[in-house]
1. Can you compute 3J(HN,Hα) from phi for each residue in region 78-84, using the Karplus curve 6.51 cos²θ - 1.76 cosθ + 1.60 with θ = phi - 60°, rounded to whole Hz and x for Gly and Pro?
2. By counting other Cβ atoms within 10 Å of each Cβ, how are Asp17, Asp99, Asp84, Asp10 ranked from fewest to most?
3. So what's Rg/Rh here for region 15-148, counting alpha carbon atoms and using the Kirkwood radius for Rh?
4. Can you give the longest run of the chain that contains no chymotrypsin sites (Phe, Trp or Tyr not before Pro) sitting in a DSSP loop with at most 16 other Cβ atoms inside 10 Å?
5. Given a cut-off of 30 Å, name the pairs among Lys105/Lys143; Lys43/Lys136; Lys90/Lys143 whose C-alpha atoms lie farther apart than that in the structure shown.
6. Residue farthest toward the positive end of the dipole of the chain, with Cβ of Lys/Arg at +1 and Asp/Glu at -1: which of Thr37, Gln72, Ser8?
7. Which order do Ile16, Ile65, Ile121 fall in if you start with the one that has the fewest other Cβ atoms within 10 Å?
8. Strictly over 30 Å apart at the Cα level, which of Lys93/Lys146; Lys14/Lys132; Lys14/Lys62 would you flag in this model?
Amino acid sequence: MSHVTEMSCDVNPKYIDDFIKALKEHFGEDGVEVDLTTPISMKRYNNRTLHSDDGSFGSAPKCNIVVRKETQCKKLGRNALVNDLGYTVKDGKLTGYVDVAGFSKENQDLVMQNYATFVAIKPLKLQGYAVKETRKNGLVTLKASKYL
């Protein structure tokens, strides 16, 4: 049976849109539900609600960013007994509620790599740099150039 692990995420609140963009790049544009004002209920692998007001074991709060289990299974390329993936945004902090059966550490790292790339590129472009991104063997290289 799958379970949910709570984890803090090292995401700067002013770059939350870049984190959402990284999730959408990983899971697909339509695979990520976002509502930063009204949290969304998450579901267990058996379609029962994962939310619990009493904070009981295996529960998670309603989340602002949700990736449904069907989307995770599509990414995995197979059916799996996984819970929805969710993130809350509260007091400038991002907390994830993850079922590693559907969102492995390797995939979490890929999303964070994309997030870091988006965050690094943004100020360069604002300063007038042209940025070329190259990916090879899991390594991202950014080349910034500016003509005066």
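All of the numbers you see were taken from the coordinates with simple rules; none came from a lab. The structure presented is a predicted model; accordingly, all values stated were derived computationally and were not measured. FYI the Cβ positions are ideal-geometry reconstructions off the backbone, even for glycines, and counts take in every protein chain you see.
1. For region 78-84, the Karplus-derived couplings read 7, 7, 8, 7, 10, 8, 4 Hz, x marking Gly and Pro.
2. Numbers: Asp17 12, Asp99 24, Asp84 27, Asp10 9.
Result, fewest neighbours first: Asp10, Asp17, Asp99, Asp84.
3. Numbers: Rg = 17.0 Å, Rh = 16.2 Å.
Reported Rg/Rh (Cα atoms, Kirkwood Rh): 1.05.
4. Values: sites that count: Phe57, Tyr129, Tyr147.
It runs 58-128.
5. In this structure, Lys43/Lys136; Lys90/Lys143 lie more than 30 Å apart at Cα.
6. Positive-most Cα among the choices belongs to Gln72.
7. Values: Ile16 19, Ile65 22, Ile121 16.
With the fewest neighbours first, Ile16, Ile65, Ile121 line up as Ile121, Ile16, Ile65.
8. Details: Lys93/Lys146 35 Å; Lys14/Lys132 24 Å; Lys14/Lys62 22 Å.
Violating the 30 Å limit, Cα to Cα: Lys93/Lys146.
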